[in-house]
1. Going through the stretch 12-72, which chymotrypsin sites (Phe, Trp or Tyr not before Pro) have at most 13 other Cβ atoms within 10 Å and a DSSP loop state?
2. Expected output is a single nm value to one decimal: the length gained when fully extending between Ala8 and Asp25, i.e. 0.36 nm times separation in residues minus the C-alpha distance. What is it?
3. So how strong a dipole does the chain carry about its Cα centre when Lys and Arg Cβ are +1 and Asp and Glu Cβ are -1, to the nearest 20 debye?
4. Reported to two decimal places, what Rg/Rh ratio describes the stretch 1-45 when computed on Cα atoms with Rh from the Kirkwood expression?
5. Separation between the Ile66 and Cys93 pseudo-spin-labels, each 7 Å from Cα along Cα→Cβ, expressed in nm?
6. Quick check: residue separation of Arg78 and Ala49 times 0.36 nm, minus the Cα distance between them. What number comes out in nm?
7. According to a simple spin-label model (label point 7 Å from Cα along Cα-to-Cβ), what is the distance in nm between Leu100 and Met1?
8. Give the whole-number value, in cubic angstrom per residue, of the convex hull volume spanned by the C-alpha atoms of the stretch 13-104.
Amino acid sequence: MFSTPEYAGALPGAFKNLLEWAVGDADVGSIYDKPVGWINVSASPTGAADAYRSLAIVLGYVHAAIVAEACVRIPVTRQMVGSDGLITDPVVCESVTAVLDALVS
Ligand SMILES: Cc1cc2nc3c(=O)[nH]c(=O)nc-3n(C[C@H](O)[C@H](O)[C@H](O)COP(=O)(O)O)c2cc1C
């Protein structure tokens, strides 16, 4: 399960580098054929769409199994994050639960 900010119109370089090191078929630590999804929480007008487009390209390249139902946009504003760092908004919580269910199943 991934979530990422957008940097200069793409995936942050360090995150892409992490995925580059997860390349490999039967190698230990490989992401090959592993089920993956993402939650895009950007509340910006562009919705960090380019970051997730580039994430999809990299995940496809390393042959991860992208679970479509586990790839969603759930905008989260700063006001929705409590002083304890937790998000209690019921819509967000339900959406995250649905995404995790989709990934697990
Ligand atoms: C170097 C840098 C480049 C960024 N480039 C983009 C971008 O291309 N598109 C975008 O929507 N946000 C961009 N952002 C904003 C980040 O994705 C993120 O929303 C921002 O750092 C706020 O995160 P925070 O609320 O955790 O501080 C950039 C941020 C940084 C530091």
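Where a number appears in this text, it was derived from the coordinates with a stated rule and is not lab data. Owing to the predicted nature of the structure, the values given are computational and were not obtained by experimental measurement. Positions of Cβ are generated from backbone atoms using ideal geometry, with glycine treated the same way; all protein chains shown enter the neighbour counts.
1. Numbers: sites: Phe15, Trp21, Tyr32, Trp38, Tyr52, Tyr61; in loops: Trp21, Tyr32.
Of the chymotrypsin sites (Phe, Trp or Tyr not before Pro), the ones in loops of the stretch 12-72 whose Cβ has at most 13 other Cβ atoms within 10 Å are Trp21.
2. Values: separation 17, 0.36 × 17 = 6.12 nm, distance 3.08 nm.
Contour length minus the Cα-Cα distance gives 3.0 nm.
3. Values: 5 positive and 11 negative charges, 53 e Å.
Computed charge dipole of the chain: roughly 260 debye.
4. Details: Rg = 12.6 Å, Rh = 12.1 Å.
For the stretch 1-45, the value is 1.04.
5. In this crude spin-label approximation the distance works out to 3.1 nm.
6. Result: 8.5 nm gained on full extension.
7. Placing both labels 7 Å beyond Cα along the Cβ direction yields 0.5 nm.
8. 122
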